[in-house]
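The values are calculated or read from the model by the stated rules, or taken from the named source; none is laboratory data. Bear in mind that the values here come from a model prediction, so they are computed numbers and not experimental data. Virtual Cβ from ideal backbone geometry, glycine too; neighbours counted across all protein chains shown. Heads up: the accessible areas ignore ligands, DNA and RNA and are worked out on the full protein's heavy atoms, side chains in. Shrake-Rupley method; radii C 1.70, N 1.55, O 1.52, S 1.80 Å.
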Amino acid sequence: MTGPNSFFGPIDPAPDAGYEDPPARKGFFTDTSVCIGCKACEVACKEWNDVPENLFAMLGTSYDNSHSLNANQWRHVAFIERPAESKPLVSLGMPTVGATPTELPEEEKPDFRWLMSSDVCKHCTHAACLDVCPTGSLFRSEFGTVVVQDDICNGCGYCVAACPYGVIDRRKGPEGDPKVGIAQKCTLCYDRLTDGQTPSCAQACPTESIQYGDVEELRARAEERLAALHERGVSEARLYGNDPEDGVGGTGAFFLLLDEPEVYGLPPDPVVTTKDLPEMWTRAAVAAVAMLAGAAASFLRRR
Amino acid sequence: MAEAHPVGFQWVVEAQKRGARVIHIDPRFTRTSAVADKHVPIRVGSDIAFLGGIVNYILSNELDFREYVVNYTNAAVLVSDKFEDTDDLDGLFSGFDPEKRTYDPTSWQYDVEDESGDLHKSQANGSEEHAEHRETAAGLQNEAHGMQTASHPRRDETLQHPRCVYQVLKRHFARYTPEMVEQVCGVSQEDFLDVCRAWTENSGRERTTALVYSVGWTQHSVGVQYIRTGAILQLLLGNMGRPGGGIMALRGHASIQGSTDIPTLFNLLPGYLPMPDANKHHSFTDWVDSVRNPGSKGFWSKADAYAVNLLKAYWGDAATADNDYCFDYMPKITGDHGTYRSVLDMIDGKVKGYFLLGQNPAVGSAHGRAQRLGMANLDWLVVRDLFEIESANFWKDSPEIETGEIVTEECATEVFLFPAASYAEKEGTFTQTQRMLQWREKAVEPPEDCRSELWFFYHLGRMMRERLAESTDERDRPLLDLAWDYPVHGEYDEPSADAVLMEINGYDVATRRPLSSFTEMKNDGSTLGGCWIYTGVYADGVNQANRRKSRHEQSFVAPEWGWAWPMNRRILYNRASADPEGRPWSERKAYVWWDDDAQQWTGADVPDFEKTKPPSYRSPEGADGVEALEGIDPFIMQGDGKGALYVPQGLVDGPMPTHYEPVESPFRNPLYAQQANPTRKEYRRDDNPMNPAPPEDHIDVFPFVFTTSRLTEHHTAGGMSRYLEHLAELQPEMFVEVSPALAAERGLEHMGWCHVVTARSAIEGRVLVTERLRPLKVEGRTVHQVWMPYHWGSGGMVTGDSTNDLFGITLDPNVLIQETKVGTCDVRAGRRPSGAALREYVEGYARRAGVTDHVYPPIVTVPDGDTASDDPRAPEASDDRHPPEEDE
């Protein structure tokens, strides 16, 4: 069962973190079925948050030259080119870099699909990065979001290992940037929320693929959208991160995907890495007691 | 649309959410295709065949919206019995003059009731006139003016007469069968018929379908006829002038609609008045009468008023009835002053100076090398831009510096680079693709020396007038007599954009009361106005373009957001949304209708019709102009008030669209012996070679088809994106998209280098192998299409070769737009040669392709004296190499 300070299970993160009477939890619902891959979200985020350049290199992964979320990329649009029929799990239907020539003659190739999705920090209900941060730099805001305090972070990097999605990272460059060495990620535009405004990416998104609002309301909206798509015959549509029973307690930023999460580079069954901590400590304690008991017993026997 | 208009595309997504079906027809699978319900890959350059196939489908199956077609289009009108179609003449129409390569449209005209058989006065009298039209891109005028034709031609309301437009159209498109579409376009019959069914089933009384296109349609040697085919389709299905229907032309820049309304085109004046021509218009009356077309219907009959008001706006008090409102001061054109003509004249040393304002032809115009060589031969060049674009520093950094064709120390062009204010640093209106004007406030002062265009030209004019103030030379009077007294404000004396908008709107000279409508314009000099179609933007002294009422607080038409010309009519020709009796075609699609009690037109939008003219109105004998427009003439700008399925006069290349191959193509035209547009504009010179096309030899030297378009991340010639970190890092390198099959054929490695070659140049880029490009089966063989973005140049944070260096200059004859959406090329693995070796390499290709100095293949490929050949692939008769032709 989930109690206070639980590491897993459904909870409301802000009250659980100690806020009395916080506002409704805020988050993103990203409907990737209407994403047109314009990258306005990437640019708006960088403009508002003064995030410096990332890679400046063509990667060849379709139109994605940002690669992934990291300290210099807080919104990342993935582009996946694939045939419409999902290949069976056995034959590794993973997206490849570039397209390999196939033997199928042109007329028989299955219909082509180009999936696009804007990825972002999930603002997990149970956020491992938050759990392991030794300095208290990472904190839970009154909006239920997870935010890094740049001036407190000591760059230890524990959070980087802890995140099940590989989102948070320490900034590596460009040289001379004041935040080099510091952990950086999406803040859900905390500074805009405190002024009653919408996060930059959601504000910029032209097709309302990124929707900002109360998580509860967004989840209801997502269910409706999912139902509408299923009715239209888009059977591959599914929600990701909306379930409070999942391994991270559900996420503040959740998605409507048109294929398996792995296709988008997302873990299929993320679990907060600190989930087993109580059990681990308990076992460690039992092991310690057992060791002490064994040591004591060996001394007693001697006499 | 999602690539180039992501913000506008939100409305397509919204429509989709409400149940609309989105079909995307494009050579390549783009970000639009990714969210569309269906993508139809098509061979670039074959759209007329595709659309023609749909026209044939509609006419063969009688799926046209009959009541709409009979009443609102010229379907019932009879065509002259002298007319011969492309079927009869193997791809030509009757009246072709092979010398001038234009048509005498006499045989195309309507069969008129006037027994004298006199041609309507305004109609082009011969092929020479059409040749002039080609020079001056007169098609642009006709686009806005509509056809100026006789107002009462003979008709057959049953649409059965063999010479009625409906039947002529049917015969013309009879060849465009689903099999033909599959052969020519590479579109499967299944896909094609799916589109036909979807389009026709969603049109009619209860439903309408919208056609959306952008420059992938216009930048062809038959670009105007592409649009025409779309118009024919939408007219046959009754979609024009109706909500959710129509044709949306997506324009390429935020205010480019404004740049044709208040024009930056050589042959137009504000409001689409044509520039006077020094050879034809020796007096004000000559000029105005050429626009007015006495005898035809419509609002161009008031052209004298529009012209007087414009001249008075220019010359203020100096313009009076006595001096014909300073008509003699107006600059006049003498022929082709288009951008390509001008650049070639620069190469020839005939043009000495150039102003480039937010334009980067070194990267953005066809035939980059010609652009740069032209600029290198100028005396002076003024560039106003946000960054040091390639067109400003070609003299020290360009492909020609690399090849040694331009030597910095020897280049005599004096370049003046002025920093420009960006859009947020100046105020004024933008006019976007829906003819809507939106006022923009200045958000922040421009930094340091950056200034707006308004500031630049106002002060340039002011300083020039000060210099010439003491002059007694008659030649200086036009400049000195200009009305140039705009109020200025601020630290730098910024002219008031508000005052300019007021002047454009127009006002009563004595009282300065702003005009509310162009109908208030007088032809006696008592009113002035810079642009008659914009009159009303300052109605009642209120800046209507600045209105920002939320759409949630008004009807779905949202008339109180911004202001659309003319008269805030949001859908043009919306009289067509009601039936001949004035009732909506259906409740669901009710838009504008006749209120019999109030005796006026009413509805959701401003009626695009005289408010109190009833549907039952028929014009009296001998009436013309506005009076001749009847209650069932929704197309009020056309000479006969009807939508044109067939255009008897006004288009250089024919009254109906015809499939011609692109000028550079690996395929012989399977429909006719005439290969490509016979009337196209060409500049035949050694520095503008074209790749060979059938029936010429050596087409295997450039065996692939290539096309270009935009990426969302960059903006056109890259001047506004390559210099910005956040945008540059999104797409940091120039690349070439190829299909896996082509990559295998040419040994191209994903993310390796390749180069693309044409007779003009070779450029390199990274290889992006993708299944989004499919080889198509056309005429029994596989054709590979290659795609490149054209955003790169030598400047900025991310640099690369310019795709437009690959194209030569060949233009649509009606509007002089360049064919930059299709060409042939070769693709090879590895980087291109650099330095002088590049020119040798390209010249080697040209030689192998049979491209020789001073020798040009014939443009007319119909066998001489054999006008009805059964086999369009019949070999050419004897010597087909014409002597060199200077195309003037």
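Brief remarks follow.
- Between B:Gln554 and B:Asp476, the contour length at 0.36 nm per residue exceeds the alpha carbon distance by 22.9 nm.
- Summarising the amide proton neighbourhood of B:Thr102: residues at separation of 5 or more, or on other chains, whose placed amide H is nearer than 5 Å comprise B:Asp97.
- Protection-proxy order for peptides B:10-17, A:115-122, each taking the mean of Cβ atoms within 10 Å per residue, highest first: A:115-122, B:10-17
- Mean projected area (nm²) of the alpha-carbon convex hull when region B:536-687 is viewed from all directions: 16.8 nm²
- Counting only lysines at least 8 places from B:Lys297 when in the same chain, those with an alpha carbon closer than 19 Å to its own are B:Lys121, B:Lys611, B:Lys613, B:Lys642.
- Under a 5 Å amide H cut-off, with hydrogens placed 1.01 Å from N, B:Thr429 pairs with B:Arg440 among residues at least 5 apart or on other chains.
- Volume per residue of the convex hull around the Cα atoms, evaluated for region A:13-275, comes out as 141 Å³.
- Cysteines not pairable in chain A (beta carbon separation under 4.7 Å absent): A:Cys35, A:Cys38, A:Cys45, A:Cys124, A:Cys133, A:Cys153, A:Cys156, A:Cys163, A:Cys189, A:Cys205
- For region A:258-303 versus region B:1-65, the spacing of their alpha-carbon centroids is 58 Å.
- The candidates B:Arg547, B:Arg384, arranged from most to least accessible area with a 1.4 Å probe in the full protein assembly, appear as B:Arg547, B:Arg384.
- Peptides B:793-805, B:27-39, B:270-282, B:588-600 ranked from most to least packed give B:793-805, B:27-39, B:270-282, B:588-600, packing being the mean of other C-beta atoms within 10 angstrom over each peptide's residues.
- Hull volume in cubic angstrom per residue (convex hull over the Cα atoms of region B:697-809): 114 Å³
- 5 angstrom amide H check on A:Arg113, placed H, neighbours 5+ away: A:Arg82, A:Ala84
- Label point at A:Ala290 placed 7 Å out along Cα→Cβ; residues across region A:255-283 whose backbone nitrogen lies under 20 Å: A:276-283
- Residues in region B:807-822 carry Karplus couplings, in order, of 8, x, 10, 9, 10, 5, x, 7, 10, 6, 8, 7, 8, 10, 10, 7 Hz; the curve used is 6.51 cos²θ - 1.76 cosθ + 1.60 with θ = phi - 60°, and Gly or Pro positions show x.
- Net charge of neighbours whose Cβ lies under 9 Å from the Cβ of B:Pro689, counting Lys and Arg as +1 and Asp and Glu as -1: -1
- Dipole orientation for the protein assembly as shown: of the candidates B:Phe556, B:Gly795, B:Leu378, B:Phe556 has the Cα lying most toward the positive pole (charges on Cβ; Lys, Arg +1; Asp, Glu -1).
- Accessible area buried by the pairing of A and B, both sides summed with a 1.4 Å probe, works out to roughly 3600 Å².
- For q = 0.04, 0.05 Å⁻¹, Debye-computed log10 I/I(0) when each Cα of the protein assembly as shown counts as one equal scatterer: -0.25, -0.38
- Take each residue in A:70-82, count the other chain C-beta atoms within 10 Å of its C-beta, and the mean is 1.
- Within the straight-line cut-off of under 16 Å between alpha carbons, the lysines reachable from B:Lys442 are B:Lys426, sequence neighbours fewer than 8 places apart in one chain being disregarded.
- Protection-proxy order for peptides B:355-366, B:617-628, each taking the mean of Cβ atoms within 10 Å per residue, highest first: B:355-366, B:617-628
- Rounded to the nearest Hz, the phi-derived 3J(HN,Hα) couplings of region B:268-276 under the Karplus curve 6.51 cos²θ - 1.76 cosθ + 1.60 (θ = phi - 60°) are 10, 10, x, x, 6, 5, x, 5, x, where x marks glycine and proline.
- Furthest towards positive pole of dipole, B:Ala20, B:Ile247, A:Val215, structure part the protein assembly as shown, Cβ charges: A:Val215
- Inter-part distance, region B:244-295 to region B:580-595, computed on C-alpha centroids, equals 32 Å.
- Dipole moment magnitude, nearest 20 debye, region B:417-506 about Cα centre, only Lys, Arg, Asp, Glu C-beta charged: 380 debye
- Extension gain (nm, one decimal) between B:Asp348 and B:Glu414, 0.36 nm per residue minus Cα-Cα: 22.0 nm
- Shielding score for B:33-41, defined as the mean number of other chain Cβ atoms within 10 Å: 3
- Residue mean of other protein chain beta carbons inside 10 Å, A:49-60: 4
- Shown in residue order for region B:594-603 are the 3J(HN,Hα) couplings computed by the Karplus curve 6.51 cos²θ - 1.76 cosθ + 1.60 at θ = phi - 60°: 8, 9, 5, 5, 7, 6, 7, 7, 8, x Hz (x for Gly and Pro).
- Cα shape, region B:600-675, gyration tensor, a/c 1.5 rule: prolate
- In whole angstrom, chain B maps to an equivalent ellipsoid with semi-axes of 39, 36, 28, each derived as √(5λ) from the alpha carbon gyration tensor and ordered largest first.
- Under the convention that each Lys and Arg Cβ holds +1 and each Asp and Glu Cβ holds -1, the size of the dipole of the protein assembly as shown around its Cα centre is about 3500 debye.
- Checking the Cα-Cα distances for A:Lys39/B:Lys589; A:Lys26/A:Lys275; A:Lys39/B:Lys396; A:Lys39/B:Lys777 against a 27 Å cut-off, the pairs over it are A:Lys39/B:Lys589; A:Lys39/B:Lys396; A:Lys39/B:Lys777.
- Region B:514-670 - percent of accessible surface contributed by carbon and sulfur, probe 1.4 Å: 49 percent
- Under 14 Å, Cβ to Cβ, from B:Glu402 - net charge with Lys/Arg +1 and Asp/Glu -1: -2
- For chain B, calculated [θ]222 nm from helices alone, where every DSSP H run of n ≥ 4 adds -39500 (n - 2.57): -6500 deg cm²/dmol
- Residues of type aspartates and glutamates that B:Lys17 reaches as a straight line, Cα spacing below 13 Å, ignoring anything fewer than 8 places off in the same chain: A:Asp31, A:Glu208, A:Glu224, A:Glu231, B:Asp37
- Per residue, the protein assembly as shown exposes an accessible area of 40 Å² to a 1.4 Å probe, with every protein chain left in place.
- Column: log10 I(q)/I(0), Debye, Cα scatterers of region B:412-535, q = 0.10, 0.17 Å⁻¹: -0.43, -1.09
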